[in-house]
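What follows is one structure encoded as structure tokens, with my remarks underneath.
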Amino acid sequence: MAAKIFDLARAGDAGTLAAYLDAGAPAGLTNEHGHSLVMLAAYHGHADAVAVLLARGADPDRANDRGQTPLAGAVFKGEGAVIRALLAGGADPEAGTPSAVETARMFGKTELLELFAGR
């Protein structure tokens, strides 16, 4: 069943994810690489799925086994809606290695640096 839930996060099926979580699936579920459901949804550009997960208790700053956070991944991928959903859910731009701030700096995303500074 865990594999199905991870696939739902990757696909961004927010409604079905919500149903599984509401039925008792853990919002903090991680795979063998430490990727959380939030990480998978964020990396694949699914802001609605990210919001559903965060609303049900998922940790917006849960880093994977490499120290990467969902917010840093969203910055890397250029997923503006996901970045906004993560920030609304309490994500810390300074968390992780590299952090979202460091990732934005690496790629010259000054608009994101300004957004993070205003938090």
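FYI, it's all coordinate maths here, none of it is from the lab. The model shown is predicted, which means the values in this text are computed figures rather than measured ones. Quick reminder, even Gly has a Cβ in these numbers, built from the backbone with ideal geometry, and neighbours come from all protein chains shown.
In this structure, Ala117 and Thr97 have a Cβ-Cβ separation that, at R0 = 30 Å, corresponds to a calculated FRET efficiency of about 0.95. Computed about its Cα centre, the charge dipole of region 27-119 is approximately 100 debye, with only Lys, Arg, Asp and Glu carrying charge at their Cβ. Note on region 2-117: Cα-Cα pairs beyond 26 Å make up 13% of the total pair count. Computed over the chain with a Gaussian network model linking Cα atoms closer than 10 Å, the most mobile of Asp59, Asp48, Asp22 is Asp22. Please identify, among Ala95, Ala19, Ala63, the residue showing maximal mean-square fluctuation in a Gaussian network model of the chain using a 10 angstrom Cα cutoff. Looking only at Ala95, Ala19, Ala63, the largest GNM fluctuation is found for Ala19. Over the chain, dividing the summed -39,500 (n - 2.57) contributions of all DSSP H runs of at least 4 residues by the number of residues returns a 222 nm mean residue ellipticity of -15500 deg cm²/dmol. Among Thr69, Thr110, Thr16, Thr103, the order by Cβ neighbours within 10 angstrom, fewest to most, reads Thr110, Thr16, Thr103, Thr69. Please check: in the Gaussian network model of the chain (C-alpha springs, under 10 Å), which one of Pro70, Pro60, Pro26 has the largest mean-square fluctuation. Answer for the Gaussian network model of the chain: Pro26.
Region 1-45 and region 80-105 have their alpha-carbon centroids 19 Å apart. Relative to the longest principal axis of the Cα atoms of the chain, helix 2-11 runs at roughly 50 degrees. Once the other residues with Cβ under 13 Å from the Cβ of Ala11 are scored (Lys, Arg +1; Asp, Glu -1), what is the net sum? Charge balance in the 13 Å sphere: -1.
Counted residue by residue at 0.36 nm each, then reduced by the alpha carbon distance between them, the extension gain from Arg105 to Asp7 reaches 32.2 nm. Rg then Dmax, both in Å and based on the Cα atoms of region 12-71: 10.4, 30.
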